[in-house]
Amino acid sequence: MASVAEKLVEALVRAGVRRIYGVVGDSLNSIVDAVRRSGEIQWVHVRNEEAAAFAAGAEAQLSGNLAVCAGSCGPGNLHLINGLYDCHRSKAPVLALATHVPSSEIGTGYFQETHPELLFQECSHYCEMMMTPKQMPRVLQIAMQTALSKGGVSVLVIPGDVAMESVPDQAPLAHDVLRARPHVRPSDAGLRQLADLLNGHKKITLLCGRGCACAHDEMIRLAGMLKSPVVHSLAGKEFVEYDNPYDVGMTGLIGVPSGAHAMDRCDVLLMLGTDFPYQEWYPKKAKIIQIDLLAEQLGRRSRLELGLVGDIKETLSALFPLLNGNEDETFLKSCLDDQKETIDSLNSHAKGIAGHKPIHPEFLAATLNEVAAADAIFTVDTGMVTVWAARYLRMTKDRRLIGSFGHGSMANALPQAIGAQLLFPERQVISMSGDGGFSMLMGDFLTVVQHGLPLKIVVFNNGTLGMVKLEMEVAGLPDYGVDFKGNTNFAKIVEAVGVPGIRVEDPADLRSSVEQWLAQKGPGLLDVVVNPHELSMPPKVSLSQAWGFSLFMIKDIFGGDTAAPIELVESNLR
């Protein structure tokens, strides 16, 4: 008679799971041993369970399949929480195995006892405790099915002793997880109303998100019929930007002027598969239409003229016969001209002159874009690294871009790159890490070494928490508590574990160093010293932001620190 742990592993194999990310220990040991004896699932030994969740989330996003992470009782599974929040908000189908103290000790204040069935509720669709082997394998089946069908996290809490018990013969047999998705589109009346609105206006802008992942051709066709500029969200960049003659960039604080202007000047904004969260960047006078597969996301960011539930591909396919088309290209041409000016401006910042130190981070991001493979997978840390990736990386049909775009966590890039590289061992995987983010989960560089992963890490080493520094300055506050002292040499650190590290301080050495780093057979780290005073100007600057920044400069000068404001101005002069 098989144990709960054995049946669990058997069901995971049948569901297509090929690896589990986690840290072994006490209540988890019987499951780990079942993995060992199975031989069909790889146990990926990470240094922190938070990294396990991030890695599983990246694997799930890139594959569309179920990915699994695990943590032992108490602190072990608590470490999963931040990564699981990111998985859930990224709609990545992830199953977390959160093992628990012995069932007889639950409720006694036992060593390492927590209440995981409560703790994980907010970052999961399904979170249940298996208190008896009779629940197996049905609750596991529900957990896997829920994660895949809803897109997000399921948590299965298993006391360590229950995992070792035998599954009774009368336990229900698990079937294979079901992956069929229904065709969802609005009603005929809803489509007619949508068509009437679009046929009645000439200045229409499309705002497209990750919901367009499987509807790229339909989105391009719609933009061509309506003569519409296409603005993409950050999460939608990898699915929308490539091979798109109508794309005019991003909007929002880290977006570009051409994206913001295309939204500000339109008469109708058509949102396709995006839950863009920043209300202040929506147009004030335009009619807004939103189409999304999730009804609960309709109208929660702005007032809608029309909200429709539907898969983007199915909805647009049904809409095309109802559209008259638009022959007036005036609005589209003005937006594309605006985009050309924006690109020229961005390119003027992405330069380096021999001997001019420190290196501009835009120059580093643009160089990565030029040298990286056409099917490279990029993972990007939250903060200023995300800004440079959003503005300077150019997507192709085969490139992917993964980040903590919904949760905004630090330290996501390295562990997400681990998951990506394990899934695609032959592809080029590049972790664009900030020095703050890399430092936070730097221990999992040892995971890279242990598993012999060829992934490449580039550290934007500016010695500060760059985004927080900018936030303080814009708010009129002196930047405080954001700097890292000691001029950390990350290249030297990784050399201590046998990995060649390359440090770059002069712009003249950058391109050759990037090429050398990417050509390395195994793991590699590129430590690039970049300008800590680089300003990422938003598409439009409010009066309060301008006043706040001026106030910061005045406070620094009258506080006796004249060097910092002067250095900031000089470093941003082109």
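Taking all pairs of different Cα atoms in segment 210-265, averaging 1/r and flipping that mean, what Kirkwood radius in angstroms comes out? Intermediate values should be presented prior to the final figure.
On the way: mean 1/r = 0.0889 Å⁻¹.
In segment 210-265 this quantity evaluates to 11.2 Å.
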The exposure ranking of I31, I20, I142, fewest beta-carbon neighbours within 10 Å first, is I142, I20, I31
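Relative contact order for segment 255-386: what percent, with Cα pairs under 8 Å and sequence separation of 6 or more? Let's see the in-between values first.
Values: 118 pairs, mean separation 23.3, N = 132.
Taking the mean separation of contacting Cα pairs over the length of segment 255-386, I get 18 percent.
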Modelling each spin label as a point 7 Å along the Cα-to-Cβ direction, I'd like the V497/Y278 distance in nm, to one decimal.
3.5 nm
With +1 on the Cβ of every Lys and Arg and -1 on the Cβ of every Asp and Glu, the dipole magnitude of the chain about its Cα centre, in debye rounded to the nearest 20, is 940 debye
Work out from phi, with θ = phi - 60° and the Karplus expression 6.51 cos²θ - 1.76 cosθ + 1.60, the ³J(HN,Hα) of each residue of segment 432-446, listed in order in whole Hz, and give x for Gly and Pro.
8, 10, x, 5, x, x, 5, 4, 5, 10, 4, x, 7, 5, 5
So what are the radius of gyration and Dmax for the Cα set of segment 23-105, in Å?
12.6, 40
G249 long-range amide H proximity, modeled H, under 5 Å:
H232
Going by how many other Cβ atoms sit within 10 Å of their own, how do D375, D275 line up, fewest first?
D375, D275
Eigenvalues of the Cα gyration tensor times 5, then square-rooted: what semi-axes does that give for segment 133-199, in whole angstrom, largest first?
43, 13, 7
Where the centroid of each part is defined by its Cα atoms, how far is segment 427-466 from segment 394-426 in Å?
12 Å
Quick one: compute the contact order of the chain, relative version, from alpha carbon pairs under 8 angstrom and 6+ residues apart, as a percent.
12 percent
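Under DSSP H, which helices of the chain have Cα atoms covering 24 Å or more of the helix axis and a Kyte-Doolittle average no less than 1.6?
Values: long enough: 330-349 (29 Å, -0.73).
The qualifying helices: there are none.
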Short version: what are the Cα gyration tensor semi-axes of segment 4-164, square root of 5 times each eigenvalue, largest first, in whole Å?
21, 17, 15
Note on segment 346-417: contact order normalised by length, alpha-carbon pairs under 8 Å, 6 or more apart, percent, works out to 31 percent
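Can you put H175, H232, H356 in order, fewest other beta carbons within 10 Å first? Don't skip to the answer; put the middle values down first.
On the way: H175 11, H232 30, H356 14.
Ordered from fewest to most neighbouring Cβ atoms within 10 Å, H175, H232, H356 come out as H175, H356, H232.
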For segment 188-339, how big is the tail of P(r) above 23 Å, as a whole percent of Cα pairs?
25 percent
Residues whose placed amide H lies under 5 Å from that of G501, excluding near-sequence neighbours:
E495
For segment 398-473, what size does the Cα cloud have along each of its three principal axes, sorted from largest down, in whole Å?
43, 27, 18
5 angstrom amide H check on S431, placed H, neighbours 5+ away
T379, K456, I457, V458
Inter-part distance where segment 312-388 and segment 263-278 are each reduced to a Cα centre, Å
18 Å
Which percent of Cα-Cα pairs in the chain sits in each 20 Å bin, short to long?
20, 48, 29, 3
Under 12 Å Cα-Cα from K313, which aspartates and glutamates qualify once same-chain neighbours fewer than 8 residues away are excluded?
D217, E218, D292
With only helices counted (DSSP H, runs n ≥ 4, each -39500 (n - 2.57)), the per-residue ellipticity at 222 nm for the chain, to the nearest 500, works out to -11500 deg cm²/dmol
Alpha carbon centroid spacing (whole Å) that separates segment 22-88 from segment 99-127:
17 Å
Which order do the peptides 387-393, 194-200, 99-105 come out in when sorted by mean C-beta neighbours inside 10 angstrom, highest first?
387-393, 99-105, 194-200
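Please compute the length gained on full extension between E327 and H45, using 0.36 nm multiplied by the number of residues separating them and subtracting their Cα-Cα distance.
Details: separation 282, 0.36 × 282 = 101.52 nm, distance 5.83 nm.
Contour length minus the Cα-Cα distance gives 95.7 nm.
Restricting attention to segment 308-377, which GluC sites (Glu not before Pro) occupy a DSSP loop and are surrounded by at most 13 other Cβ atoms within 10 Å? Each step should come with its number before you reach the end.
Numbers: sites: E314, E327, E329, E341, E362, E370; in loops: E327, E329.
Filter output for segment 308-377: E327, E329.
Loop only per DSSP, at most 14 neighbouring Cβ atoms within 10 Å: give me the GluC sites (Glu not before Pro) in segment 414-480, ordered by residue number.
Values: sites: E426, E471, E473; in loops: E426.
In loop regions of segment 414-480 (DSSP not H, G, I, E or B), the sparsely surrounded GluC sites (Glu not before Pro) are E426.
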All-pairs Cα distance distribution in segment 92-163, expressed in whole percent, bin size 5 Å
3, 18, 27, 23, 16, 9, 3, 0
What does the extension gain come out to for S166 and D26, with contour length at 0.36 nm per residue minus their alpha carbon separation?
48.5 nm
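Where a number appears in this text, it was derived from the coordinates with a stated rule and is not lab data. Everything quoted here is computed from the prediction, not taken from an experiment. Virtual Cβ from ideal backbone geometry, glycine too; neighbours counted across all protein chains shown.
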